[in-house]
Structures are given as C-alpha cells and as structure tokens.
2 protein chains.
Amino acid sequence: LNDLFLKACRGEPVVRTPVWLMRQAGRYLPEYRALRERHDFLTLTRKPELAAEVTLQPIRRFGFDAAILFADILTPLVGHGIEVEFAPGPVVAKPFRTREDVERLRGFSAEKAVPETLETIRILKRELDVPLIGFVGAPFTLACYLVDGKGTKTFPETRALLYRDPGLGRELLDALADMAADYALAQVEAGADAIQVFDSWGDLHPDSHRPLPGLFDRIRAAGVPGISYAPGRPRETGADVASIDWRTPFAAARELSMNVQGNLDPMALFAPPELLTERIRAVLAEAGDGPGHVFNLGHGLHKDTPVESVELLVRLVAEETGR
Amino acid sequence: LNDLFLKACRGEPVVRTPVWLMRQAGRYLPEYRALRERHDFLTLTRKPELAAEVTLQPIRRFGFDAAILFADILTPLVGHGIEVEFAPGPVVAKPFRTREDVERLRGFSAEKAVPETLETIRILKRELDVPLIGFVGAPFTLACYLVDGKGTKTFPETRALLYRDPGLGRELLDALADMAADYALAQVEAGADAIQVFDSWGDLHPDSHRPLPGLFDRIRAAGVPGISYAPGRPRETGADVASIDWRTPFAAARELSMNVQGNLDPMALFAPPELLTERIRAVLAEAGDGPGHVFNLGHGLHKDTPVESVELLVRLVAEETGR
C-alpha cells in the first residue's frame, strides 16, 4: 500500500508530497462521461459496482495517492428517507423548520440507510493500493440544505432559524452531528482510511453553536485522520488536516493545524502549461519543505478542466518534491 | 444637515452612533412594494423622480442618518450600451472573453451613460437633510458579471480568464476601474456626499491585480469619504471606512481601517425582540465607544425582514449610544 497520504496526514516525513484532487472523479473525465451517458447521477452513487468504478477511474489514469469515495453529501439523508430531488442541484421536498422536522433525523443507522455505500467501500478496499478517503457533510452545511431546501448563495432561512430559535438550531446541529459521526464511523468500519468533513457553507455560519470539534474527536477515536474542508476563513475545528482554499495562505492554516491540504485554485488549471507550472511551484514553495503537506486544490475540479493540466500537475508535484 | 454619518466616516467624535442599513430601500417596505406593482425594477432605477422617491422612503419612515442612491450595480454598464437582461438576476447578453470585449468599455462618460442617475442625485440633494451615499461596483465584481455573464457562486469563468491571460485580466480590471472612477466622480459632482464601492465577490479574487487602492485615492481626491464593501476576509483597500460582514470581528477591520461599518447579520432581524436586542447590544459593545463607527448590517436587508425589527434597531442604537 502507498501510504504517503496517511503519513502526510499525521505529519510524518515522506519521500515525496502526496497528491489527490477534490472532485477527481467526475465530469472532466471522458470515462466518467461515458458512464453518465448510460446511468444518471443518483444511480452512479447508489450501485456499489458503479460507484466503485467511478472512484477508481482517476486512480487508474493519474496514479493519485488517495482515492475518495464517490457519493453525494446528501446520500445518508436520502437513505434515511428525507426526500431530495436532484434537479440537478438538490431540492428538499419538505424543508426543515420545526422541532418535529428534527425528529425526522432520529434513529439514523448507516447500515440501514446506506448499505450500498458501505458495500462500495468494501469493494474499493479490495481493488485499491492507495488509501480510501470516506466523507461526510458537516452539520451546518447539511442544515443549510435541509432548512433552505436548496442551494443558495447565503442560506438566509438557515441563518434566520438559528437567530429565531437558538435552542432549535442547537438541536438540529447536534442531531446532524450524531448522524455524521455514525455515518463516518460506519465508513471506517467498512474500510475507509481517513474521513473528510465537507463544511462547504461553514463560512456563513453565525457565531453560535459549532459541533465540529466533537465530530473530529469521534473520527480520531475511530483510529483514522479527520480532514476538514471549510472554504473561507480558517477556523479551529480539531481536525488532523485543514484544507484551505485559494484565498487562504498556508501560514494562516498552520496556526490551526500542523497538516495542511490545498490551496491551488482549480481554475488555475485553465492556464497554459508555463503559467500553471509557475502556480504549482508557488504553492509548493509556500507549503514549505517540511512534513504535513498534501497537495490538493482549494475547491473541487471544474467540469471543463483539461485532462492534460491534471497530468502536468501530478507529474510536476512528483518531480519537484521527490527526495 | 445631520452630519453624524460623515463625521463617523472621518473618525470624528459624534453625539451618537449614526445608522443606515444596506438595501434600506427595497422589497421589505410596503411603500416600495406598492411602487413596484406599478413599475418594473429597471424603470424604478431609471426614472429620476421614481428613483429619488424609493431612496427617500426609508429616510421618511425610520429617520436613518444617511440615504443611499437607488440604482443597480450594473446601471452604468447598461447605460454605456452593454446589453443586460434582468431575469430577475442580471444576464449579460454577450459575456466578455476577449480584448475586443474590453474595448467595449472605452469612452465611458457618466454624463452620457447615466444622466438619469445624476439627475436623481440632484433631486435628492434638494430633498434630503442627511448625507447621500453614491455607489459604484468594484472592478473585480463588475468583471464577474461581465465574464461569467450571470450570478454564480464562484464565478469560475472570470477566475479562469485571470489565470489564462493575466495581461487581458489586468486590462479588463483597469478599464472597469477607470469607468468606476468616472462614474463615482460624476456622482460627487452631482452632489453625493460619500461613495461606497461594492465588491460583493471580491473575496473570490485570485491573488493577481487589484486596482481598488487607486480607485479609493481618486474618490478621496474628489473630497468625499470612500467606503469599501467586500464581504469575506478583510483586506487592504485604502478606503476611509471598511464595511464588515457578520463573520468578521471589528478588531480585524480596525487593523486595516480606523473607521468601520457593519456587522449585524441581516438575518438576526428575524429574531424575537429580546434576542435581537441582545445581538444589537453585542455589536455596539464590540465596536466600542470610540469614534469611527457607523451602525449597519453585514449584508443587505432580506426582502422578508419585519419592519418592526428595523424600528427596534434604529431606536435602540440611538438610546444606547446617545451621549
């Protein structure tokens, strides 16, 4: 097993900097688009053989140092019976507003809600020679989808709920944190080697209740590293690895977490090779020579990313950091 | 003239903290909705008597310490002949991609492009007994609309252009900065007492060229204070007043600018009176007793904001800060 990624997550010395890219499985790959012609997105996330195949595609093509489970952030909610339509962004049939809505989250069991996802992990563990990253949505980001009911720029309904009824807000976030922990631990049990917590909208969070540190404690207690992904201002989360976006300097993240992943802007992959090379070298220089660096982007790959840019990136990071 | 606002913008002592609210003219007001039933949004921004009336509505109702010109951030571009449809968000008919597109911005003259807006300012100066804030879009935020062609969450096309062809990106931002300066100065000449620069998407900007300091220099040279509005991480802009959102502590902003406006979350106005009162007192406590504070929100008022919450806010700020 190639353990560069796990060593970097623990701040141990490595012979070269490991690299994987957020949304490395997806629409920019011709082999993914070929699969999508025959199956819709939900089917790809739900059928274990298909989800495993999509997860493996970028590993085969580029030799990334980690694979990330192909699933949607709302997969466990859908599996638990919350009605969500993908049109193509998620639309929640009955947005959450009350204490009764929070009750709909009780009794979550990953084994019952998402057996296909756990089976996908078991298949992948037989196929992969690199670590597998499982993932969960962070409580606040899940709440954004449940309360606003769809993707928006600033999730006003969710924020209004937290101001209007802070007690209800706390119950909702705690229930989602319990669900996220159960889901994360089931993934670890099935074989996931690390868990990334996606808090895509965390930077919009008002100052109140943030159950993230407790979630990361539970992931660490399960024996695997926890990685936070929360674009915007770096914040204390208790994760082993902090992901940073293209607007956050490494130094700001190192104050909170010794181990850092990120920050190349995915849109930099649209630059011509010379300019992209400069950008990648700049990230490596800023990250420094020490341990605890996982090369990654500051956000997911864009669907129109040129495949050649990804090839250049993987080759260059290996050349520049091989020791 | 009530000059509390202008004094606070200059960091001079005031007898109480001035207050105005971003998007204080708009859909949450019954009198605005009544006007909108008879006229579409573009007509309201274009007819001087109507735009002046909309600007005055919240001053009459709440007695705010400053008025802000009712116009759209894209008004000068539309006036200059760039085709934009409001559906209801702006959609640019021919998104900018090339050097020829940048040429479309040349020869901008506010007198020719937006005579109605300048006339609106002249009408308002006869009617108002509080300062009038003019405003312009920041170069990067205007570029986001022109290049991506519509509102998105992360404006990938704009960022891709800046990476793909940094020289073209610089030309585009400089041309927009020239246009913004010309438009701001024409507003000052027509009577605007301050200029707020809206950089709503500035936090997405890659690290390259930022022509904001030059723009604020030109506003200051025209003899009025410049206010920056750039949600996200506080950044050096050269403005006299920094607006901060609900996620940014006053202390972080004071490091960059002595004078600060913001940061109550507009969604806090959905809280019941006791909780809202606590929130407002917390902002006042954090801002401190010293000069250089303009009470405002961290983002524009939401269209469903209860009018009573705005009344409570204005009354409470006066009571708590009157000296």
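Derivation of every value follows stated rules applied to the coordinates shown; laboratory data play no part. Owing to the predicted nature of the structure, the values given are computational and were not obtained by experimental measurement. Here the Cβ positions follow ideal geometry from the backbone for every residue, glycine too, while neighbour counts run over all protein chains shown.
Apply the a/c threshold of 1.5 to the C-alpha gyration tensor of region B:244-323 and tell me whether it is rounded, prolate or oblate. Oblate shape, in that a/c is at least 1.5 and b/c is the bigger or equal ratio.
Its Kirkwood hydrodynamic radius, worked out from the mean inverse distance over all distinct Cα pairs, puts region A:1-74 at 13.4 Å. Please figure out what share of the DSSP beta bridges in the protein assembly as shown is antiparallel and state it in percent, rounded to the nearest 5. So the antiparallel bridges amount to about 15 percent of the total. Among B:ARG99, B:ARG164, a tally of other beta-carbon atoms within 10 Å of each Cβ gives an order, fewest to most, of B:ARG99, B:ARG164. Among beta bridges identified by DSSP and lying wholly in chain A, the antiparallel ones come to about 15 percent. Is the C-alpha gyration tensor of region B:259-305 telling us rounded, prolate or oblate? Criteria: a/c under 1.5 is rounded; beyond that, a/b larger than b/c is prolate, otherwise oblate. Oblate is the answer for region B:259-305, as a/c is 1.5 or above yet b/c matches or exceeds a/b. With R₀ fixed at 25 Å, the C-beta to C-beta distance from B:ASP207 to A:ARG10 puts the FRET efficiency at about 0.25. Between copies, the label points of B:GLY89, set 7 Å from Cα on the Cα→Cβ line, lie 0.6 nm apart, reported in increasing order to one decimal in nanometres. Per residue of peptide B:260-273, the mean number of Cβ atoms on other chains within 10 Å of the residue Cβ is 4.
Ranked from shortest, the separations from the 7 Å Cα-to-Cβ label point of B:ARG36 to its equivalents in the other copies are 3.5 nm.
For B:ARG36, project a label point 7 Å along Cα to C-beta. Then give me every residue of region B:299-322 with its amide nitrogen under 20 Å of that point. Residues B:299-311 qualify, since their backbone N sits under 20 Å from the label point.
Summarised in one figure, the compactness ratio Rg/Rh of region B:230-278, Cα atoms and Kirkwood Rh, is 1.06. Over all pairs of different C-alpha atoms in chain A, the reciprocal of the mean inverse distance, the Kirkwood hydrodynamic radius, equals 19.9 Å.
When you restrict to C-alpha pairs under 8 Å that are six or more residues apart and normalise by the size of chain B, the relative contact order lands at 22 percent. At a Förster radius of 56 Å, what calculated FRET efficiency corresponds to the Cβ-Cβ distance of A:LYS125 and B:ASP289, to the nearest 0.05? For A:LYS125 and B:ASP289, the calculated efficiency is 0.40. Per residue, the Cα convex hull of region B:1-146 amounts to 128 Å³.
Can you pick out the pairs among A:LYS150/B:LYS303; A:LYS153/B:LYS47; A:LYS7/A:LYS125; A:LYS150/B:LYS153; A:LYS94/B:LYS150 whose Cα atoms lie more than 20 Å from each other? As for pairs spanning more than 20 Å Cα to Cα, those are A:LYS153/B:LYS47; A:LYS94/B:LYS150. Computed over the Cα atoms of the protein assembly as shown, pair by distinct pair, the Kirkwood hydrodynamic radius stands at 26.2 angstrom. Is the C-alpha gyration tensor of region B:189-323 telling us rounded, prolate or oblate? Criteria: a/c under 1.5 is rounded; beyond that, a/b larger than b/c is prolate, otherwise oblate. Taking the square roots of the gyration eigenvalues as a ≥ b ≥ c, region B:189-323 is prolate. By the beta-carbon count within 10 Å of each Cβ, the least crowded to most crowded order of A:ILE219, A:ILE123, fewest first, is A:ILE123, A:ILE219. Relative contact order for region A:175-308: 19 percent, from Cα pairs under 8 Å spaced at least 6 residues apart, divided by residue count. Database remark: amide H of B:LEU297 closer than 5 angstrom to the amide H of B:MET22 (H placed geometrically; neighbours at sequence offset of 5 or more, or on other chains; Pro and chain starts carry no H).
For the segment A:154-167, counting C-beta atoms of other chains within 10 Å of every residue's C-beta and taking the mean gives 5. Sorting A:THR98, A:THR17, B:THR158 from the fewest to the most surrounding beta carbons within 10 angstrom yields A:THR98, A:THR17, B:THR158.
Taking the Cβ of A:LEU172 as the center, what net charge do the other residues with Cβ under 14 Å away carry, scoring Lys and Arg +1 and Asp and Glu -1?
Here the charged neighbours net out to -1.
Projected onto their three principal axes, the Cα atoms of region A:117-261 cover extents of 48, 36, 26 Å, largest first. Place the label 7 angstrom along Cα→C-beta at B:GLU286 and in each other copy, then list the distances from the first to the rest in nm, shortest first. Spacings between copies for this position, smallest first, are 2.6 nm.
Taking every alpha-carbon pair under 8 Å whose residues sit at least 6 apart, region B:35-159 reaches a relative contact order of 32 percent.
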